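Q: Supplied in structure tokens, the structure appears directly below.
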Amino acid sequence: MAVIDQYFQHLVATGGSDLHLSEGQPPKLRAHGTIQPISEGILEHETIRAMLAEICDEKAFERFLETGDLDFAYEMDQESRFRCNYFKQKNGLGAVFRLIPTKIKTLQDLKVPDSIERFGDMRSGLVLVTGPTGSGKSTTLAALIDYINRTYSRHIITIEEPIEFVHNNKKSTISQREVPVHCPSFADGLRASLREDADIVLVGEMRDLETISLALTAAETGLLVFGTLHTNNARKTVDRLVDVFPSDQQAQVRTMLAGSLRGVVAQLLLKTEDGGRTAVNEILVSTPAVSSVIREGATQKLFDIITGGKEYGMQFMDDSIWSKMLEGRVSALEAYMKAIDKSRFKAALPPEYAELGNSGGGTTED
């Protein structure tokens, strides 16, 4: 057993989500959104270096010591798998480990709106799942891929850094590729998938012009492409995709995106009253009106389309937050803090937080 496994076992036993190790600091874990120390002992350089080296490929660890960053996955046992990120920081070495559930939850388990499942029924186009780090994007995408895997006979290729949820073949055939182990980059993996008789491609992160350009091309040529971005709502997502390109190409990109975008699922996690967390979603479903707005570059009109598009399965983020608050799942304060239009939630704040409502009652995005 690796020395670090004692911390992983503690994380699993206490229901935590992340383990934080940092040279010069005590080991810490995150449980239900809050970080707390596991013990008072400070991690010395030799101790943390030995722990990090023990569970990592030797060449990969040497590369980390040179570059200062490394991502990979580590499996402690059949029930416990971790996404590992090594980094260098002011006091020396550091690492964060995210517990990846080995059982993939279904979309029904996650209690997401039914319209998200319908994205799995599509044959081509681009579907984006967006949100900040730790918002559950990977969990939602894994559930969507599992739905397709159980329902259709397709060839699904995932390009991830690292591979998080491990999918077994059911009705579909799934090829999971890890960056940089199986392909040098997301763009290289996506380019190769065009020659690998894929029906569906999942791109773990669309963070540069080349990857986004290839994703649009793949979606246009008949593949169903799922991708992620670190944006908080549908409008920001469309703007980000277009803004990556030079200004002289943006009109053409808007036309491509108008034709290929099938939907955007933006996701946030809110702390619940019982100490857990729950997902809220903004959902944009492509319609002729959505395509027209994207083509024109008038993304400010998406707000009206989403709020008026319930019959198509659309949902505005603040409406989702409002519903959770009315159900009593989340507090008025938590709803206010995560809302875009804070003025809508101001009246629901308890008296002790009235000053907070008075100080920032406007609209905030991203």
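The values are calculated or read from the model by the stated rules, or taken from the named source; none is laboratory data. Remember, predicted model here, so these are calculated numbers, not experimental data. Note that we place each Cβ from the backbone using ideal geometry, even for glycine, and neighbour counts take in every protein chain shown. Areas reflect the complete protein model, heavy atoms only, side chains present, ligands, DNA and RNA absent. Shrake-Rupley method; radii C 1.70, N 1.55, O 1.52, S 1.80 Å.
Q: Contour minus end-to-end for E352 and D304, with contour as 0.36 nm per residue of separation and end-to-end as the Cα-Cα distance?
A: 13.9 nm
Q: For a label point 7 Å from the Cα of E205 along Cα→C-beta, name the residues of the stretch 118-144 whose backbone N is under 11 Å from it.
A: The answer is 133, whose backbone nitrogens lie closer than 11 Å to the label point.
Q: Explain nothing, just the number: dipole magnitude of the chain about its Cα centre with +1 on each Lys and Arg Cβ and -1 on each Asp and Glu Cβ, in debye rounded to the nearest 20. Working shown, then result.
A: On the way: 40 positive and 51 negative charges, 189 e Å.
Approximately 900 debye in magnitude.
Q: Can you list the lysines whose alpha carbon is less than 17 Å from that of K236, not counting same-chain residues fewer than 8 positions off?
A: Cross-link targets: K137, K301, K338.
Q: Same structure again: Using the basic label-point model (7 angstrom from Cα toward the beta carbon), what is the R277 to A192 distance in nanometres?
A: In this crude label model, R277 to A192 measures out at 3.1 nm.
Q: Please list, in chain and number order, the residues 5+ apart from L261 or on another chain whose amide H is under 5 Å from its amide H, with Hs placed from the backbone.
A: The answer is L126.
Q: Still on this structure, please answer the following. State the extension gain, in nm to one decimal, for the chain segment bounded by H10 and I35, taking 0.36 nm per residue of separation less the distance between their alpha-carbons.
A: Gain on extension, H10 to I35, equals 7.6 nm.
Q: Using the C-alpha atoms of the stretch 97-224, what convex hull volume per residue, in cubic angstrom, is computed? Write down the numbers at each step before the final one.
A: Numbers: hull volume 13.9 nm³, N = 128.
So the per-residue hull volume is 109 Å³.
Q: If the viscosity is 0.692 mPa s and the temperature 37 °C, what Stokes-Einstein diffusion coefficient in µm²/s follows for the chain when Rh is the Kirkwood radius over Cα pairs? Mind dumping the intermediate values first?
A: Numbers: Rh = 22.0 Å.
The Stokes-Einstein estimate is 149 µm²/s.
Q: By how many nm would the segment from T151 to D121 lengthen if fully extended, with 0.36 nm per residue of separation less the alpha-carbon distance?
A: Working: separation 30, 0.36 × 30 = 10.80 nm, distance 0.89 nm.
Stretched fully, the T151-D121 segment lengthens by 9.9 nm.
Q: Another one. Calculate, for the stretch 95-194, the solvent-accessible area per residue in square angstrom, rolling a 1.4 angstrom probe over the heavy atoms of the protein chains.
A: Numbers: 3980 Å² over 100 residues.
On a per-residue basis, the stretch 95-194 sits at 40 Å².
Q: Test of the criteria: in the stretch 2-57, which GluC sites (Glu not before Pro) are in a DSSP loop and have at most 12 other Cβ atoms within 10 angstrom of their Cβ? Intermediate values should be presented prior to the final figure.
A: Working: sites: E23, E40, E44, E46, E54; in loops: E23, E40, E44.
Sites meeting the loop and neighbour criteria: E40, E44.
Q: Which three numbers, in whole Å and largest first, are the semi-axes of the equivalent ellipsoid of the stretch 174-297 derived from its Cα gyration tensor as √(5λ)?
A: Values: eigenvalues 119, 96, 36 Å².
The equivalent ellipsoid of the stretch 174-297 has semi-axes of 24, 22, 13 Å.
Q: Next up: What does the C-alpha gyration tensor say about the overall shape of the stretch 204-259? Classify as rounded when a/c is under 1.5, otherwise prolate if a/b is larger than b/c, or oblate.
A: Details: a/c = 1.42, a/b = 1.02, b/c = 1.40.
Because its axes are fairly even, with a/c under 1.5, the stretch 204-259 counts as rounded.
Q: For K271, give me every one of the aspartates and glutamates with a C-alpha distance below 15 angstrom, ignoring sequence neighbours fewer than eight places off in its own chain.
A: E327, E334
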